[in-house]
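The values are calculated or read from the model by the stated rules, or taken from the named source; none is laboratory data. Note that the structure is a prediction, hence the values are computed from the model and not measured. Please note: Cβ atoms are built from the backbone with ideal geometry, for glycine as well, and neighbour counts cover all protein chains shown. Surface areas here come from the heavy atoms of the whole protein model, side chains and all, with no ligands, DNA or RNA. Shrake-Rupley method; radii C 1.70, N 1.55, O 1.52, S 1.80 Å.
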Amino acid sequence: MAAAEIGGFAAARMAAPALRPAAPPAPAAAAAPPQPRRAVAARSLRTVAAETLTADLAGGTNGALHAQMNSEATTEITSQAVTAISRRKTKIVCTIGPSTNTREMIWKLAETGMNVARLNMSHGDHQSHQTVIDLVKEYNAQNTDGNVIAIMLDTKGPEVRSGDVPEPIMLKEGQEFNFTIKRGVSTEDTVSVNYDDFISDVEVGDILLVDGGMMSLAVKAKSADTVKCEVVDGGELKSRRHLNVRGKSATLPSITEKDWEDIKFGVENGVDFYAVSFVKDAKVIHELKDYLKGANADIHVIPKIESADSIPNLQSIIAASDGAMVARGDLGAELPIEDVPLLQAEIVQTCRSMEKPVIVATNMLESMINHPTPTRAEVSDIAIAVREGADAIMLSGETAHGKYPLKAVKVMHTVALRTESSLYNSTTSPGLVAPAQALYSEEFSPSQLSKMFGSHSTMMANTLRTPLIVFTQTGSMAVLLSHYRPSSTIFAFTNEERVMQRLALYQGVIPIHMQFSDDAEETFTRAISSLLKAQHVKKGDYVTLVQSGVTSIWRDESTHHMQVRKVQG
């Protein structure tokens with residue numbers, strides 16, 4: 001066998017408080033009233049859960065430890081602690097562009113730390129993006145040790161941009177400058193915009209921001225086809241610059257005709273995530289999900305929170321979605337820039353509370369587009385996102401067209417890893433989602449048992465400093481364990497390739513595709529053997545094995561199963 005079971009005593013001891021009422025139940029009355037059906041069902045489930053958990057934790061084919069672990073085992077577990085937390089947990093999203101769209105660079109990005117490849121549909125065409133998709137899939141096919149790269153298609157959205165100019169126009173403070181909805185205009189004092197309702201969206205007194213605030217202009221007057229402005233902060237206006245109105249969102253639909261064509265392209269190529277630009281409310285999320293359901297496409301939807309209109313609807317947008325991205329560039333253009341750090345923290349916390357992944361994006365290592373080292377403020381920015389609990393952090397121009405894409409990924413990797421090393425404390429228990437007495441109430445449900453089980457699995461792994469190995473068909477337990485942020489890695493084995501790809505985004509999860517056999521023990525053995533081969537674990541390490549629940553893999557009924565094993569050679 002590849003592993004020998006070492007224990008359940010310590011785990012059973014830790015789990016026990018969750019399986020006991022907070023206070024002894026009151027003595028029964030002489031004639032107790034009949035119980036509702038739900039209460040009977042809950043009591044039956046409690047009994048099965050308690051018996052299964054106790055049996056799985058305290059017993060095993062290879063024998064359980066008795067009253068306490070011997071000192072040798074304790075020493076061995078302590079010795080693997082550094083290894084257990086030495087893998088980066090926060091995922092890195094890399095935008096693929098001219099600097100990185102070759103086979104060689106995609107391989108190097110993956111080896112340096114990329115977890116998700118982002119396709120920015122604002123640039124390139126379907127043919128160029130198809131090449132990247134094929135290369136990422138080729139990489140995944142050749143790497144079966146858990147280094148999985150997911151693919152995210154980022155829609156262009158309803159961007160308002162200035163028109164083409166033959167040469168950059170230098171704008172100076174106090175200068176009069178105009179934007180017109182007439183096409184093809186480019187003079188010293190007037191350029192076109194690509195949005196016909198620009199005139200009606202803009203009011204006198206508004207502040208127009210160019211490129212997220214690199215230049216700004218005050219609206220002084222408007223006519224039927226032209227907005228007349230005065231330059232507040234000057235600069236060099238180039239072709240197709242992004243325009244925002246401070247505090248307002250354009251009245252364009254969140255998903256444009258071009259976006260629908262790109263979404264269809266994503267369905268045809270089986271991408272893993274859509275990042276949807278300029279989402280204002282949950283309606284667009286439901287619309288896209290209905291389309292995907294009709295197309296039988298298993299693709300998760302990540303709204304980009306970047307418009308002023310999205311903030312009042314934040315809860316409903318995230319509730320309808322599969323996560324969120326904090327797109328700080330346009331968010332800081334449409335709202336006061338001093339609000340962005342507070343909104344970032346709020347969005348991260350909202351996603352965490354809903355057990356959904358969250359990505360922090362934009363300008364994280366902007367200076368490394370042209371320089372080989374980051375600013376100290378950029379390093380702090382990465383650390384703050386990690387400390388706030390982001391599942392992933394994103395590079396845009398740094399890897400798309402920057403001069404130092406690999407160095408940027410390396411910096412992001414090392415800063416995230418160093419920050420994570422200061423966060424985890426094995427003595428801190430994850431908060432229980434449901435109180436212990438819920439096991440004895442009519443409101444108790446199997447999903448609550450899963451949450452409590454995930455909490456205690458994390459507590460055990462933290463205390464013993466062991467990695468978690470979870471077997472899942474839907475990914476739900478791996479997601480739940482990620483939510484509790486264990487101090488060591490979650491190795492998620494799944495027989496569903498789509499689930500494996502999606503799990504690449506979740507903090508702390510290394511997804512591995514493996515077919516499950518009908519024999520649970522044989523599957524456990526193969527899983528540990530594969531981790532040994534990939535050098536994720538070594539002989540003598542201890543691991544915590546988790547099999548959950550609501551969708552049973554090897555048993556007729558829903559069960560929760562936890563073991564601690566010692567890895568054998």
Thr256 surrounded by fewer than 21 Cβ atoms within 10 Å (Cβ to Cβ) and touching a Ser or Thr at 6+ places or on another chain (Cβ under 7 Å): no
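Could you tell me whether Lys220 is touching a Lys or Arg at 6+ places or on another chain (Cβ under 6 Å), surrounded by fewer than 22 Cβ atoms within 10 Å (Cβ to Cβ) and either under 23 Å from Cys351 (Cα atoms) or not small (Gly, Ala, Ser) (or both)? Can you show your working first?
Values: touching a Lys or Arg at 6+ places or on another chain (Cβ under 6 Å): yes; surrounded by fewer than 22 Cβ atoms within 10 Å (Cβ to Cβ): yes; either under 23 Å from Cys351 (Cα atoms) or not small (Gly, Ala, Ser) (or both): yes.
When the stated conditions are applied, Lys220 passes them.
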Test set (1) closer than 22 Å to Asp164 by Cβ; (2) crowded, with 18+ Cβ neighbours inside 10 Å - Ser249 fails condition number: (1)
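Here is a yes/no grid of residues against (1) aliphatic (A, V, I, L, M); (2) touching a strand residue (DSSP E or B) at 6+ places or on another chain (Cβ under 8 Å); (3) under 19 Å from Arg485 (Cβ atoms):
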site: Gln349; (1), (2), (3): no, no, yes
site: Ser353; (1), (2), (3): no, no, yes
site: Lys356; (1), (2), (3): no, yes, yes
site: Asn363; (1), (2), (3): no, no, no
site: Val379; (1), (2), (3): yes, no, no
site: Ile382; (1), (2), (3): yes, yes, yes
site: Arg387; (1), (2), (3): no, no, yes
site: Ala392; (1), (2), (3): yes, yes, yes
Unmet criterion (only one of (1) within 30 Å of Ala492 (Cα to Cα); (2) in contact (Cβ under 8 Å) with a residue 60 or more places away in the chain) for Lys172: (1)
Test for Ser277: is it within 25 Å of Glu346 (Cα to Cα), in contact with a Gly (Cβ under 6 Å, 6 or more places away or on another chain) and of a type in the set (Ser, Thr, Tyr): yes
Breaking point among (1) in contact with an Asp or Glu (Cβ under 6 Å, 6 or more places away or on another chain); (2) in a helix (DSSP H, G or I), for Ser249: (2)
Residue list for the stretch 341-392, filter: under 26 Å from Ala308 (Cβ atoms), among the β-branched types (Val, Ile, Thr) and touching an Asp or Glu at 6+ places or on another chain (Cβ under 9 Å): Val348, Val358, Ile359, Val360, Thr362
Residues (assigned to a loop (DSSP other than H, G, I, E, B), open to solvent by less than 10 Å² (accessible area, probe 1.4 Å) and more than 22 Å from Phe198 (Cα to Cα)) located in the stretch 149-168: Ile149
Only listed residue being at pLDDT 90 or above and either in a loop (DSSP other than H, G, I, E, B) or of a type outside the set (D, E, K, R) (or both), chosen from Val550, Val543: Val543
Close pairs (8 angstrom Cβ cut-off, 6 or more residues apart or separate chains): without any contact (Cβ under 8 Å) to a residue 40 or more places away in the chain and within 23 Å of Leu503 (Cα to Cα) in the stretch 348-371, open to solvent by 10 Å² or more (accessible area, probe 1.4 Å) and of a type in the set (D, E, K, R) anywhere: Lys356/Asp322; Val358/Arg352; Val360/Arg328; Val360/Glu388; Thr362/Arg328
Every residue from the stretch 455-480 that is in contact with a helix residue (DSSP H, G or I) (Cβ under 6 Å, 6 or more places away or on another chain), part of a helix (DSSP H, G or I) and closer than 16 Å to Thr494 by Cβ: Ala478, Leu480
Residue count, the stretch 454-500 (criterion: among the polar types (S, T, N, Q), over 18 Å from Ser353 (Cα atoms), in contact with a strand residue (DSSP E or B) (Cβ under 8 Å, 6 or more places away or on another chain) and open to solvent by less than 10 Å² (accessible area, probe 1.4 Å)): 6
Restricting the stretch 83-109 to residues that are over 17 Å from the mean Cα position of the chain (by Cα) and aliphatic (A, V, I, L, M), the residue that is farthest from Ile255 (Cα to Cα): Ala84
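Which of the strands (runs of 3 or more DSSP E) contained wholly in the stretch 169-213 include at least 3 residues that are open to solvent by less than 40 Å² (accessible area, probe 1.4 Å) and acidic (Asp, Glu)?
none
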Residue in the stretch 278-286 that is more than 22 Å from the chain's Cα centre (by Cα), in a helix (DSSP H, G or I) and crowded, with 18+ Cβ neighbours inside 10 Å present: no
The stretch 252-264, residues that are outside any loop (DSSP other than H, G, I, E, B), of a type in the set (A, V, I, L, M, F, W, C) and over 15 Å from His300 (Cα atoms): Trp260
Tally of residues being more than 22 Å from Ser421 (Cα to Cα) and among the small types (Gly, Ala, Ser) across the stretch 486-529: 4
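Any residue that is part of a helix (DSSP H, G or I) and either modelled with pLDDT of 90 or more or among the charged types (D, E, K, R) (or both) - is there at least one of those in the stretch 420-442? Can you show your working first?
Of the stretch 420-442, the ones part of a helix (DSSP H, G or I) are 420, 436-440.
Then drop every residue that is not either modelled with pLDDT of 90 or more or among the charged types (D, E, K, R) (or both), which leaves 420.
Within the stretch 420-442, one or more residues are part of a helix (DSSP H, G or I) and either modelled with pLDDT of 90 or more or among the charged types (D, E, K, R) (or both).
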